[in-house]
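Here is the structure we will look at, set down as structure tokens.
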Amino acid sequence: MALPPPDPQFVLRGTSAAVHTLHFSCGGQEPDVPVLFSGSENGLIHVWNLKTHRVDTALDGHGRKSVYCVETMGGKNRLLSQGRDQRICLWDLAEGRTAVMDSVFMENVGFCRCSLLMVAQGRWLMAMAAKALEEVQVLELPSKTSVCTLKPEAGAKLGMPMCLKLWQLSGGSQPLLLAGYEDGSVVLWNLSMGKALSQLACHQEPVMSLDFDSEKAKGISGSSEKVLSIWSLNEQQNLQVYKTHNLVNAGISDITIRPDKKIVATAGWDHRIRIFGWKKLKPLAVLDYHTATVHCVSFSNHKNPRERLLAAGSKDHRISIWSIYTQT
Amino acid sequence: MAAAGLERALREAALGLERAGEEAAAALGAVRAALAAAGGAAALGKRERELFDAFLRSLAGAPRAARPEGVWQRCFLEGPPVPAFCVLLETLGCPRLYPREVVEVLEQFLQEGRMSALLWEVCQQPVQVGSQELQEALLNRIVCLPNHVSNKLEGKNPPVFFPQNYFPFLGGTIIQVLQKISDSLRGKIEILGILVPSLMELTKSDCIWQRICWRLVEYVPDRWMEAVVLGFVQQTPGADVLSRLLGNLVVKSMKAQFVVTQKMLLLQYGHTTAVLQNLLGYLALDSLRRALLIKALQELLETWSSSSAVRHSPPEQQQYISKAILICLSHLKETEIESCRQELLTSMMEGVKCHLDSSLPQIRHLGMIVAESISAKINTDGPVLKFQVKVTMKFMSGTNSCLHFSYSDDDLIPYDMSEDKEVKIKAPVYIRDCIEVLTGCEDMDKWEATVKALESLVRKNPEATREVSVELAKILLHLEEKTYIEGFVELRQRAQVAVLTTDPIPVAKYLTSQFYSLNYSLHQRMDILDVLVLSAQELSYPKSHWKTKHSGAPKPCIQLPHGSDSSKDWRRIVDERIKNKTRRFATGHSQVELASGPNEFNSVAGHFFFPLIQHFDRPLTTFDLLGEDHFVLGRLVHALAVLMYLAVNTVAVAAMGKALLEFVWALRFHTDSYVRQGLLCCISSLLFSVPAECLLEDMTEELLETQSWLGGKRRGARPHLLLLMERTAYERQQITVLCPEHPPSTPAACGFW
């Protein structure tokens, strides 16, 4: 008899709005306190102290418009946040400061989260939906210079970009972008040529989220349908469907592969978090705690694997923190 | 104390050498005595060694008078051998000393075993940065000694310096040193660590050195064989080098064979994978040794498949043996496998069994990995064993290499997922709650669930529905698709039909009044017509709609009792036999019993029909049936036709027919063919529904008018309809038909609908 699914390790309450994005920063040495950043619908970014489970700071930089993407830029003192006020803000949080150092105005009004990739010490690439409906723009940070704009071929009818993932094989090799589009396809872009290398129709509905494992050259995407699509990238850089997995309930809002590539978590519209083994997508657990759509899932970057956490943010204003499959 | 004495003696000797004569002799004597007191050359420290080096150099450079015969030679022979040897070779070219003299000292040097002392000294020195060149030079001198000597003496060198004598001597010396090494410093492989690399270099392209080396190891006494072999195996970077150094040692020396094939494989397990690879690779490199490889594999498999070993030996050892087996397998050739396929298979089966019995997952995985490999090797064409375990072996990554397992997802144990069912948003259970949700709820999930649940809720609660029927009908009529729901239009329509059939009179009154009121879209007006028609159809049908659904239960069928002689079944068997042997002459389907019940449309048909037909000619500001909205008029005409058809056998049918004929008359010259089609439809359904006597008695004039209209233009469907009209009138007159209580299921007249 299988064990009943675990309860959350603890629950963070007090955002007083739907939680749209989460990001851990737990890689620091003692006495650095592990923290969790959450972005919510009321435009606040909360910095949660994971020792005390209390809010350390609440950052207000998006004019009370929903914050839907939060990322750190090397350590917890530099933060990037993306809000519905069409701004991407860069924060300086060192020594207790809460200042927006710089911001990028997005001309796109969609819901597409930006994607960040460190290409060298102190240099990042950021992909975001561009002004034109189907385009993706890549900027270099912190200089904010435009690296390239990725335009689909005329007549491709991909629709808006819905989710982005910048990645590179190993340090030094050229960065690539995976983008999920409104028409359900996933496209692999070469940034230097500004050309689509491969396109795969993964879903019938818009791709809501995707994640990619560059070691295994395998990715996973979810949409509003009842299906998870797993696809692989072969050596000719062609995307191929690897397998699909049918879900009990429709709608996936977020997918994340754990950094150790052992498990993958999905955030479901059916209020449930699902855990799968990444290797074969073996269903492992269904975590049923939330009472509304789960918007985001995120894994912590603790140095010690045993301390690794999973966080899920939901429309029910709560953030649930789970400790699951840490013994592997 | 003794070292200080030696130092003083050396300083004095350096002075004495300048004065020559007796003093020099005394000084050299003092040095020898002090050296002996210090414990011999081997015991000297670095500083004394350097001093002695300087002393020997000055001695070699001293005039003959300062070198008392017999004493100065002893200084070279007793002093530290490395400096002595170097200084002697350097002075071979020096004019002050006769080469002959030096060579004599060198000869003595060799004869007195100082060469082994020299090697020993070199081996003992810790490896230092910069000492590499020194060693290089020293080795060069050792190897080139015969050439040097013969060059100096111009061929008249003593026999000991002939290469054929010198090199065996050197080999013997090395063996002595090795003996000393393994004797005194067992386990101190660092010494071999110096010897082996040099030998590796020397044997690289020199077959003489190779032979020397082979001899060297062959002559290692059995007692020390293990240490030497182990040292060699650990120090060499690859199996080919090891093969070069050891030759066929394992074939010649039983001790070495035991060490290699038994001790290092089966008894010890601390060696690294690189050592194992060296060892087994060495066995695989020569045809003579391959037999040993197969033997070793057999023994390894024996251990691997022994349940006692699996249970009692430490997991590390089992992993070691598994690694060895995998390496052996990789070296085997097709023919060799062929020769021992059966044994491999037997061992594999046994081994798998006892490994899978183990309670340690690590052991089970090891068993699976090894078995998979064996299976893959022995079944080149047949099916292979396949466990879902993946293993990556990192062989070439040096000392810390080991088996790396990367399991499939199987090591992640799933939690109970039985609760993971489709989410059903709880729909309201009361009609009034539904009204609340449909009118003012922001929760789209709930709204969706309500829309989906409404029809069945209305049907289940007719009483509650009647209380709010008109309100509900109003809401449903105005209900818009706030969020996408699959089949929303149909869901809404079914709910409307349910409401209308549950409480027909008020709702029909409401809907028909709305059909002609202001501010409705054409679509809504057509919705109203659809709902009225569908409801009329439902009402006019027997209550089969909901009840017959349950009659689909499977017929009781006879199952043949297989081998069951239970007395309970005898009747069934008998029945079956009778059935099989009885011939039945009746053919055709058994009569389906028609469900029957009161026609509920009877009492309400008028409420559906008359309000619709009354107001068609009164244009509103937003709705002009006779004008541009003729498409709706067409639908209306068709709807009336269907209502007429469904009203068969109702009380109101005669009045309805009369009204309909007038309606048709008014519209008979309509420009739109869809409308005219509908009119024909109306007439045909009228002919079906209205009893013949009514037709002929009550509406003779209208009928004649229609007939003349139909006859006026003999085109399209009209002639047929005219024919039908005449025939119907005739039939109806002739025969008093007992009409079935209910019309046939598909109204032919609805063909245009």
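Listing B:219, B:320 from the residue with the fewest other Cβ atoms within 10 Å to the one with the most, what is the order?
Going from least to most buried by this count: B:219, B:320.
Beyond 20 Å in Cα-Cα separation lie the following of the pairs A:218/A:261; A:76/A:218; A:243/A:280; B:446/B:482; A:261/A:282: A:76/A:218.
Under a Cβ-Cβ cut-off of 12 Å, what is the net charge of the residues other than residue B:114 that fall near it, where Lys and Arg count +1 and Asp and Glu count -1? With Lys, Arg at +1 and Asp, Glu at -1, the net is -3. Between residue A:33 and residue A:2, the simple spin-label model (points 7 angstrom out along Cα→Cβ) gives 3.8 nm. Reducing the stretch A:57-126 and the stretch A:133-151 to their Cα centroids gives an inter-centroid distance of 16 Å.
Mean partner shielding of peptide A:269-278, defined as the number of other chain Cβ atoms within 10 Å of each residue Cβ, is 3. Computed over chain A with a Gaussian network model linking Cα atoms closer than 10 Å, the most mobile of A:216, A:315, A:51 is A:51.
Modelled label positions at residue B:288 and residue A:292, each set 7 Å beyond Cα in the direction of Cβ, lie 8.5 nm from each other.
The string of couplings for the stretch B:675-680 from the Karplus curve (6.51, -1.76, 1.60, θ = phi - 60°) is 5, 5, 4, x, 5, 4 Hz, one whole number per residue in order, with x for Gly and Pro.
Rounded, prolate or oblate: which fits the stretch A:146-266, taking a ≥ b ≥ c as square roots of the Cα gyration tensor eigenvalues, rounded meaning a/c under 1.5, else prolate when a/b beats b/c?
Working: a/c = 1.84, a/b = 1.20, b/c = 1.53.
Because a/c hits 1.5 or more and a/b fails to exceed b/c, the stretch A:146-266 counts as oblate.
Look at the stretch A:80-86: the mean tally of other chain Cβ atoms within 10 Å of its residues' Cβ atoms is 0.
Taking the number of Cβ atoms within 10 Å of each Cβ as an exposure proxy, the fewest-first ranking of B:476, B:329 is B:329, B:476.
Rounded, prolate or oblate: which fits the stretch A:200-283 when a ≥ b ≥ c are the square roots of the eigenvalues of the alpha-carbon gyration tensor, with rounded for a/c under 1.5 and prolate only if a/b beats b/c? Since a/c reaches 1.5 but b/c is at least a/b, the shape of the stretch A:200-283 is classed as oblate.
Placing dummy labels 7 Å off each Cα toward the beta-carbon, the span from residue B:104 to residue A:246 is 10.6 nm. Treating each Cα of the protein assembly as shown as one equal point scatterer and applying the Debye formula with no solvent, the log10 of I(q)/I(0) at q = 0.07 Å⁻¹ comes out as -0.97.
Using R0 = 30 Å, the C-beta based FRET efficiency linking residue B:143 and residue B:330 works out to 0.20.
If you count Lys pairs in the stretch B:179-286 whose Cα atoms are under 24 Å apart, skipping same-chain pairs closer than 8 places in sequence, the total is 9. By the count of other C-beta atoms within 10 Å, a proxy for reagent exposure, B:604, A:207 are ordered fewest to most as B:604, A:207.
Rounded, prolate or oblate: which fits the stretch B:295-348 when a ≥ b ≥ c are the square roots of the eigenvalues of the alpha-carbon gyration tensor, with rounded for a/c under 1.5 and prolate only if a/b beats b/c? It is oblate, given that a/c is not under 1.5 and a/b is not larger than b/c.
Readers should treat all values here as calculations from the given coordinates under stated rules, not as data from a laboratory. Predicted model only: the values in this text are computed from it and were never measured. Because the Cβ atoms are built from the backbone with ideal geometry, glycine has one as well, and the counts that use them run over all protein chains shown.
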